[in-house]
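Below is one structure, written out as structure tokens; the observations come after it.
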Amino acid sequence: MASDKRNIVLAFDVYGTLLSTASIAQKLGEFLGDDAKAKHIAAEWRKYQLEYTWRLNSMNQYLPFSTVTARALRHALAEAGAPLPPSATASLLTAYDALAPFPDALAGLDALRAANGNGNDDDDDDGGAPTLRFAALAFSNGTRAMVESSLAAAPGLAPRAAGLLRRVVVVDDGGGAGPRYKPAPEAYEACLRAVGVGGGEEGEEEKEVEGRPRSRADVWLVSGNPFDVVGARAAGMNACWVDRAGTGWVDGLAEEGMGPEVVVRGLDEVVGKVRDKVLGG
């Protein structure tokens, strides 16, 4: 008798969700000798990094995220009147591939592992209630080399991610006319194709494939970036927004029903709250 398992894919954004882009301020401070200025420049660096990706999308152009990150750093330093020698900027870019994880990211991966137990749930008998099985991947604007390096180097993250983050999906995987950055639809289609529900080819036959979600609604973006949440929702995915600041959802662009389905304060809450939402709790 077929089991009533439902596969839920958690697509974790990397920069600003698993990894703290603000953590680069520590390395900046070593070169600037001014912690307050370093924090300001780190924030501006991130701002221009994202702005550049959106401008590239609007111009139907693409540069690798590594190039975007380097140019955004130069912009932030120049605007702050804090030029650094090439050796220092090279060191900063290397450090960017080893950002610190958010503490709740480690707890979140522990919760994900606990939710699936040892993976042997074939003998579950819960009176007909569906059994949720979670799978996870990393989904990022970053290049594959950047993301893989970052996940491997982030303190404490690699041992927890082993066997949990089954794959890395990057916008370079978009195909078609060329890569597009989030929140372009092509970025999310790359993620959906990676788990077998992209391209509008959902169907009963696909539902029977082991480990594949039933539809794109069973693929949940997990992100701390509001623009990312709105992009995922527009692509037919579900979304969990990580509101670490506790400000509540204030994004004014999203129409009714296009905001996050679940809001959490940290990644340690994701599995429980997504499970509750899916099961109607």
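The values are calculated or read from the model by the stated rules, or taken from the named source; none is laboratory data. This is a predicted model, so every value here is computed, not measured. Note that we place each Cβ from the backbone using ideal geometry, even for glycine, and neighbour counts take in every protein chain shown. Calculation scope for accessible area: heavy atoms of the full protein, side chains included, ligands and nucleic acids excluded. Shrake-Rupley method; radii C 1.70, N 1.55, O 1.52, S 1.80 Å.
Considering only C-alpha atoms, what is the centroid distance from the range 1-74 to the range 236-258, in Å?
18
For the range 21-97, with only Lys/Arg (+1) and Asp/Glu (-1) charged at the beta-carbon, what is the dipole magnitude about the Cα centre, in debye rounded to 20? Intermediate results must be reported in sequence, preceding the final value.
Numbers: 8 positive and 7 negative charges, 35 e Å.
It comes to approximately 180 debye.
Using +1 at the C-beta of Lys and Arg and -1 at the C-beta of Asp and Glu, which of Thr94, Asn60, Leu84 has the Cα lying farthest in the positive direction of the dipole of the range 21-97?
Among Thr94, Asn60, Leu84, the one farthest towards the positive end of the dipole of the range 21-97 is Asn60.
Quick one: net charge of His75's neighbours, Cβ under 13 Å, K/R +1, D/E -1?
Values: positive: Arg46, Lys47, Arg55, Arg71, Arg74; negative: Glu44, Glu51, Glu79.
Taking every Cβ under 13 Å from that of His75, the sum is +2.
Would you work out which of Ala245, Ala22, Gly198 lies farthest towards the positive end of the dipole of the chain? Charges go on Cβ: Lys and Arg +1, Asp and Glu -1.
It is Ala22.
Report, to the nearest whole %, how much of the accessible area of the range 21-97 belongs to carbon and sulfur atoms, 1.4 Å probe, protein only. Numbers along the way, then the final one.
Details: 2110 of 3900 Å².
C and S fraction of accessible area: 54 percent.
Excluding Phe227 itself, what net charge comes from residues whose Cβ is under 10 Å from its Cβ, given Lys and Arg +1 and Asp and Glu -1? Provide the component values of the computation, followed by the final result.
Values: positive: Lys182; negative: Asp228, Asp251.
Spelling it out: positives minus negatives among the neighbours equals -1.
Once the Cβ-Cβ distance between Ser87 and Asp251 is put in as r, and R0 is 45 Å, what FRET efficiency do you end up with, to the nearest 0.05?
On the way: r = 40 Å, r/R0 = 0.88.
E between Ser87 and Asp251, to the nearest 0.05, is 0.70.
Kindly express, to the nearest 10 degrees and within the range 0 to 90, the angle between helix 103-116's C-alpha long axis and the longest C-alpha principal axis of the chain.
20
Taking θ as phi - 60°, what are the ³J(HN,Hα) couplings along the range 214-224 by the Karplus curve (6.51, -1.76, 1.60), each to the nearest whole Hz, with x for Gly and Pro?
5, 7, 5, 5, 8, 9, 10, 6, 10, 8, x
With θ set to phi - 60° and the Karplus curve 6.51 cos²θ - 1.76 cosθ + 1.60, what are the ³J(HN,Hα) couplings of the range 23-28 in order, to the nearest whole Hz, using x for Gly and Pro?
Residue by residue, the range 23-28 yields 5, 5, 4, 4, 5, 4 Hz.
When a/c reaches 1.5 or more, the comparison of a/b and b/c decides; with that in mind, is the chain rounded, prolate or oblate per its Cα gyration tensor? Mind showing how you got there, number by number?
Working: a/c = 2.04, a/b = 1.70, b/c = 1.20.
Since a/c reaches 1.5 and a/b is larger than b/c, the shape of the chain is classed as prolate.
Taking the Cα centre as origin and putting +1 on Lys and Arg beta-carbons and -1 on Asp and Glu beta-carbons, what dipole magnitude results for the chain, to the nearest 20 debye?
Working: 29 positive and 39 negative charges, 216 e Å.
Dipole about the Cα centre, nearest 20: 1040 debye.
With the chain treated as a Gaussian network of Cα nodes joined by springs under 10 Å, which of Asp173, Asp228, Asp251 yields the largest mean-square fluctuation?
Asp251
How much net charge surrounds Gly266 when only the other residues with a Cβ under 13 Å from the Cβ of Gly266 are counted, with Lys and Arg +1 and Asp and Glu -1?
Numbers: positive: Arg244, Arg265, Lys273; negative: Asp104, Asp110, Asp243, Asp268, Glu269.
Net charge in that neighbourhood comes out at -2.
When we measure straight from the Cα of Lys5, which lysines land under 29 angstrom away, once same-chain ones fewer than 8 places off are left out?
Lys207, Lys273, Lys277
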